Amino acid sequence: MSATKTPQSLRSINGRLYLPDGEIFRLRALLWLAMMVLLLIPMATLLDVSVARWFDGDPISRDLRGGLDLMRVFSDGSGVVLILFAIFLMAPQCRWHLPRLAVMALGAGALATLAKMFALRPRPSGINLDVASMDAAWIWKFDYSLSQIAAFDASTRSFPSGNVATATAIAVGLWFIFPRGRILFAMITCGTALQRMASGAHFPSDVLGGCVAGLLWGYVCLSDRMLGNLFDKMSPSEAHQMPLTVRDWQVESSVAVAGQTPAAETDPGETQTPNHRAA
């Protein structure tokens, strides 16, 4: 018996994501990756001022800067709409992924904005980098009571990067839906991070914080224990059918026992068990 291929299927079962090409990905890896990036934030803070000062010297050529500005479209609202529209037109078999991708992009940006409400930190463009010391990167203030939320000043809401969070989340979704474009998605995400630092909008630690937000929200939208189960129910009828490899994985032990029991050894008067019928 051969399994029916469903190129548009993307199913999450028991913490495992079954990709269209048959690959199985453990979603817990996204959490581990987010944790590792989170641990890098304090160390990156030690380099924040030095990196910001280097970008402030305009070391990037005009052509390269123009290319980085184009990559920002990957994390911009209009750019996300353009990506979703392109999938709608050029990949009809993947149209049912559009709600998931839209929620991944918008939700990651919203999660970063929520974090900005509590963390007050000036942007590199608001600091005199010529005389700033390494301690300038540690100018943090946490507004736990949200007393300053009414006067929301974007110049003091540097952490985390909302653009990088959006780019990371949508890259995670596209990574699984279109495996052939993984290198391209990773390059565009890195380009978005470089563009945010080159423009003086964020420190390296802000970029890493946005990456953490994108990875965490990507897990929420893919895991069957969270929103992933909701999006799986939106899939077409053929995508709801569990791939043969998944069914075999679930009944592997019973099938193995049935396959090792010869039919001739079964007592004619004995009632057949489900395993005997499976054999």
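Observations
- Inter-residue pairs, beta-carbon under 6 Å, first of a type in the set (A, V, I, L, M, F, W, C) and in the range 8-28, second at pLDDT below 75 and part of a loop (DSSP other than H, G, I, E, B), 6+ apart: Leu27/Gly15
Listed here are the residues, each with its yes/no results for (1) under 30 Å from Asp58 (Cβ atoms); (2) surrounded by 24 or more Cβ atoms within 10 Å (Cβ to Cβ).
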| site | (1), (2) |
| --- | --- |
| Ile183 | yes, no |
| Met187 | yes, no |
| Gly191 | yes, no |
| Leu194 | yes, no |
| Ala201 | yes, no |
| Cys211 | yes, yes |
| Ser223 | no, no |
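- When Ile183 is tested against (1) out of contact with any Lys or Arg (no Cβ under 9 Å at 6 or more places or on another chain); (2) modelled with pLDDT under 80, exactly one condition is not met: (2).
- Residue pairs whose Cβ atoms lie under 8 Å apart, separated by 6 or more positions or on different chains, with the first residue in the range 44-68 and within 13 Å of Ile127 (Cβ to Cβ) and the second acidic (Asp, Glu) and surrounded by fewer than 14 Cβ atoms within 10 Å (Cβ to Cβ), are Arg53/Asp130.
The values are calculated or read from the model by the stated rules, or taken from the named source; none is laboratory data. Keep in mind that this is a model prediction, so the values were computed, not measured. Note: ideal-geometry Cβ built from the backbone for every residue, glycine included; neighbour counts use all protein chains shown.
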